[in-house]
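Novice: Take this structure, written in structure tokens, and hold onto it; I'll ask about it next.
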Amino acid sequence: MRAAGNPVATRQIGEALGVDTGVRGKLEPLRGKLTKLSDRGWPHKRPDGTITVRP
């Protein structure tokens, strides 16, 4: 997220981590983990679904 410098989608994060992004079932667990992290205050989940690093 920091390297991108702008808000990123879950698919982009999955691609950077080497997750098979062609299969939706592989992205849903990642989306859930990102949501849990944003609930704890690390990344910021925007209303449009993209994720950014908190300033």
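The values are calculated or read from the model by the stated rules, or taken from the named source; none is laboratory data. On a predicted model such as this, the values are computed, not experimentally measured, just so you know. Methodologically, a virtual Cβ is constructed for each residue, glycine included, from the backbone with ideal geometry; neighbour enumeration extends over all protein chains shown. Note: areas computed on protein heavy atoms with side chains; ligands, DNA, RNA excluded. Shrake-Rupley method; radii C 1.70, N 1.55, O 1.52, S 1.80 Å.
Novice: Between beta-carbons, use under 12 Å as the cut-off and find the net charge around residue 22, counting Lys and Arg +1, Asp and Glu -1.
Specialist: Summing Lys/Arg as +1 and Asp/Glu as -1 gives +1.
Novice: Give me the accessible area per residue for the chain, probe 1.4 Å, as a whole number in Å².
Specialist: Per-residue value: 72 Å².
Novice: Can you give the calculated 222 nm mean residue ellipticity of the chain, where each DSSP H run of n ≥ 4 adds -39,500 (n - 2.57) and the sum is split over every residue, rounded to the nearest 500 deg cm²/dmol?
Specialist: The helix contribution divided over the chain gives -14500 deg cm²/dmol.
Novice: Roughly what would the spin-label model give for residue 2 and residue 38, points 7 Å off Cα along C-beta, in nm?
Specialist: 2.0
Novice: A further question follows. Would you work out what percent of the accessible area of the chain, with all protein chains in place, is carbon or sulfur (probe 1.4 Å)?
Specialist: Ligands and nucleic acids excluded, carbon and sulfur reach 52 percent.
Novice: Provide the net charge surrounding residue 44, with neighbours chosen by a C-beta distance below 13 Å and charges set as Lys +1, Arg +1, Asp -1, Glu -1.
Specialist: It works out to a net charge of +3.
Novice: Next question. At q = 0.21, 0.23, 0.24 Å⁻¹, what is the base-10 log of I(q)/I(0) for the chain according to the Debye formula with one equal point scatterer per Cα and no solvent? Please give it to two decimals.
Specialist: The Cα Debye sum returns log10 ratios of -0.75, -0.89, -0.96.
Novice: How far is helix 24-40 tilted off the main Cα axis of the chain, in degrees rounded to 10, range 0 to 90?
Specialist: 20
Novice: Let me ask another. Restricting to Cα pairs below 8 Å that are 6+ residues apart, what does the relative contact order work out to for the chain? Please round to a whole percent.
Specialist: 38
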